[in-house]
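Below: one structure, written as structure tokens.
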Amino acid sequence: MSFAAVFAAVLGLAVPITAVFAATAQGKVGVAAMEGIARQPEAAGDIGRNLIITLALIEALVIYALLTFLVLFPNIPPLIEKLGQL
Amino acid sequence: MYRAEWTSVTQMEEHAGSWINLLVNLEPQWLRTYLPLEVVTGWIVLILVVLVAWYSVRRMQRVAVSGWQTVAEWAYGLCVNFCRQMIGPGGERYAPLLGTLFVYILIMNVAGLVPGLTSPTATLNMTVALAITAVVGAAIYGIMQKGWRYLEHFVDGPWPMWPLMALIHLIGELARIMSLSFRLFGNIFAKETVITQVLLLLGSVLAMQQISLVLRAPTVLAGTALLHLPLLLLGLLVSLIQALIFMMLTAAYIQGAVETHSE
């Protein structure tokens, strides 16, 4: 269990774990929006707009995790070479 | 034909050739670090949008007779309605900024799907510039609307805590810039990276000399239909959604800056 192996394994877990929490949160937001629209159909436009904004704000956190992955991903082969083992 | 150390489609194109290389080779070598293809694409998109807008309102008449003017009026009507709903009755003043942001970002995002071009918004330079424009624009609109009373946003609570609250609010504004820019950059850069990797994968299959061409060609065609085409469609959807999100968030920031709590 070298450092490079653990680094690569944990790096691969970054986006999936973030996506699980983000999907849960977006589901809750979606449920609340649907209930609001069902209760007051004439507010569907306003609720829809706020729904899209909230979903984007949550999704941005997953994108940050993806960016971290994309920045660190090309560093795995040099790390393996520097440490001399897999 | 394909080399394993390539990491981008641009390298593949530089080696194998593509239509964009004819134009890119017109640029002198010393200029290429300062004006890469992304920046020039951004300029071309800007000139294109300005030309279309100018052509639409040329010889403008009260009852529209030209098709361009009708389309432009419809688009502007959408923009103004959205601004009125988000920001309130005075929303028309902010429609130019929001509409321009939407159209400019949308066309820049989609420019990455054109073979040979790359999205300017896939570079952090462009997205941070757009985010700073949006947030500083919201602050300037707030000061224009409310005068120095705009600074009452920054403070909250008993007066000894005002410096701390102002600092926290300022950091919140910086976080808005960062989140706007990173959201757009991450989505478009990820879309482009995924399409690039799939193209490199298909190219490597096409370059395997050990397998006969009769087997390679249908595989690459099937791969293009099953992988490349859905990814292009997904890229189109993501481009549209991210442009919409940028505009809506800027509208929300402007609303927060200019709202006057009605009695």
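Could you tell me how many degrees, from 0 to 90 and to the nearest 10, lie between the Cα long axis of helix B:37-57 and the main elongation axis, the longest principal axis, of the Cα atoms of chain B?
60 degrees
Given 0.36 nm per residue, what is the gain on full extension from B:Leu244 to B:Leu23 after removing their alpha carbon distance, in nm?
76.4 nm
Please identify, among B:Val65, B:Val194, B:Val136, the residue showing maximal mean-square fluctuation in a Gaussian network model of chain B using a 10 angstrom Cα cutoff.
Highest fluctuation of the listed residues: B:Val65.
Report the one residue of B:Leu101, B:Ile47, B:Pro158 whose Cα lies farthest in the direction of the positive end of the charge dipole of chain B (charges on C-beta: Lys and Arg +1, Asp and Glu -1; origin at the Cα centre).
Farthest along the dipole direction, towards plus: B:Ile47.
So for A:Tyr64, B:Tyr55, B:Tyr94, B:Tyr253, fewest C-beta neighbours within 10 Å to most, what's the order? Before the final figure, lay out the partial values.
Values: A:Tyr64 16, B:Tyr55 13, B:Tyr94 23, B:Tyr253 20.
Listed from fewest to most nearby Cβ atoms, that is B:Tyr55, A:Tyr64, B:Tyr253, B:Tyr94.
Determine, for each peptide in B:75-86, B:118-129, the mean count of other beta carbons within 10 angstrom over its residues, then list the peptides with the highest first.
Values: B:75-86: 16.5, B:118-129: 22.2.
Highest mean packing first, the order is B:118-129, B:75-86.
Of B:Leu201, B:Leu184, B:Leu215, which has the largest mean-square fluctuation in a 10 Å C-alpha GNM of chain B?
In this elastic network of chain B, the residue with the biggest mean-square fluctuation among B:Leu201, B:Leu184, B:Leu215 is B:Leu215.
In the protein assembly as shown, with Lys and Arg counted as +1 and Asp and Glu as -1 at Cβ, which of these residues, A:Pro78, A:Val10, A:Ile47, has the Cα nearest the positive end of the dipole, that is, farthest along it?
The listed residue farthest towards the positive side: A:Ile47.
Springs between alpha-carbon pairs under 10 angstrom, Gaussian network model over chain B: which of B:Leu23, B:Leu151, B:Leu113 fluctuates most?
The residue with the greatest mean-square fluctuation here is B:Leu23.
How would the stretch B:117-210 be classified by its alpha-carbon gyration tensor: rounded, prolate or oblate, with rounded meaning a/c under 1.5 and the a/b versus b/c comparison settling the rest?
Prolate is the answer for the stretch B:117-210, as a/c is 1.5 or above and a/b outweighs b/c.
Read-outs: derived from the displayed coordinates by stated rules, not from any lab. Small disclaimer: the values here were computed from a predicted structure and weren't measured. Virtual Cβ from ideal backbone geometry, glycine too; neighbours counted across all protein chains shown.
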